[in-house]
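Down below is the structure, laid out as structure tokens.
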Amino acid sequence: MTSVAPVILLAAEKESAEVTDWAARVGWVVGLGLFVALVYWLMREGWKWRGTLQGDLPELPSAPDDPGAAKLVLSGRYHGSTTAGQWLDRIVAHGLGTRSRVELTLTDAGLDVVRPGAADFFVPVAALREARLDKGIAGKVLTEGGLLVVTWAHGDKLIDSGFRSDHAAEHNTWVDTLNGMINKTETEGAR
């Protein structure tokens, strides 16, 4: 009989589970939601302030009516633009900070950047400074050589713009062709 007595005592001592304090739980969830909304609002204001600080950047050039025959065409992603040599200093003025799909077309006149859902722009061949393969630009880091970075002059500022082709094997051809055009332009300008 002694073996049954401890089991009865344990059963008698069990208590029901605690009742959840729903008011406190709802309060924490609402507080967390407000905190997340505040952080998002502050980030948005910071983005707008950066655009205001970069307001001295001139309007982006548009493509000429007849840019000529296409030398190269690339379909891929535009990952943004930064101040040349400073891969974390994103430029947001005139929509340059907006990531998007991109259709790049290289002609004798320059580089036509067509971005669905964002502002298109054109880089005249005289403004092109360098093309290289890199691994990152503000907000996007890839494997070594996974990003086509084009350096160009706009106003008194040098800008790096990052592109990634849907077919990464195209990057080397773009670098060679762009740098060849830049060297040819510099040689002709020196004469």
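The values are calculated or read from the model by the stated rules, or taken from the named source; none is laboratory data. All figures in this text were calculated on a predicted structure; none of them were measured in a lab. Cβ coordinates were reconstructed from backbone atoms using ideal geometry, including for glycine residues, and neighbour counts include every protein chain displayed. Protein only, heavy atoms only, side chains kept; ligands, DNA and RNA dropped before computing areas. Shrake-Rupley method; radii C 1.70, N 1.55, O 1.52, S 1.80 Å.
Lysine pair count for the range 48-191 (Cα-Cα distance under 25 Å; residues 8 or more apart in sequence or on different chains): 6.
Using a 1.4 Å probe, what is the accessible area per residue for the range 152-191, in Å²?
Values: 2250 Å² over 40 residues.
Result: 56 Å² per residue.
Indicate the gyration tensor shape class of the range 17-77 (rounded, prolate or oblate), computed on the Cα atoms with a ≥ b ≥ c the square roots of the eigenvalues: a/c under 1.5 is rounded; otherwise a/b larger than b/c is prolate and the rest oblate. Before the final figure, lay out each step's value.
Details: a/c = 7.88, a/b = 2.66, b/c = 2.96.
The shape class here is oblate.
Computing Rg and Dmax of the Cα atoms in Å for the structure here picks out one of [x] 28.4, 113; [y] 16.6, 55; [z] 18.2, 79, namely [x]. For the range 88-152, just say rounded, prolate or oblate: build the C-alpha gyration tensor, square-root its eigenvalues into a ≥ b ≥ c, call rounded for a/c under 1.5, and beyond that prolate if a/b exceeds b/c, oblate if not. Note, shape of the range 88-152 comes out oblate. Short-range pairs are left out: with C-alpha atoms under 8 Å and at least six residues apart, the relative contact order of the range 75-153 is 25 percent.
Computed extension length for ALA69-VAL36: 6.9 nm, one decimal, from 0.36 nm per residue of separation with the Cα-Cα distance subtracted. Take every Cα pair under 8 Å whose residues are at least 6 apart in sequence, average their separation, divide by the length of the range 39-191, and the relative contact order is 23 percent.
The solvent-accessible area of HIS167, taken with every protein chain present and a 1.4 Å probe, is close to 120 Å².
Pop out the carbon and sulfur fraction of the accessible area of the chain as a percent, whole number, probe 1.4 Å.
Values: 7110 of 11930 Å².
Carbon and sulfur together cover 60 percent of it.
Seen through its C-alpha gyration tensor, with square-root eigenvalues sorted a ≥ b ≥ c, the range 115-188 comes out oblate because a/c lies at 1.5 or above while a/b is not bigger than b/c.
Positive contributions from Lys and Arg (+1) and negative ones from Asp and Glu (-1), summed over other residues with Cβ under 11 Å from the Cβ of ALA63, come out at -4.
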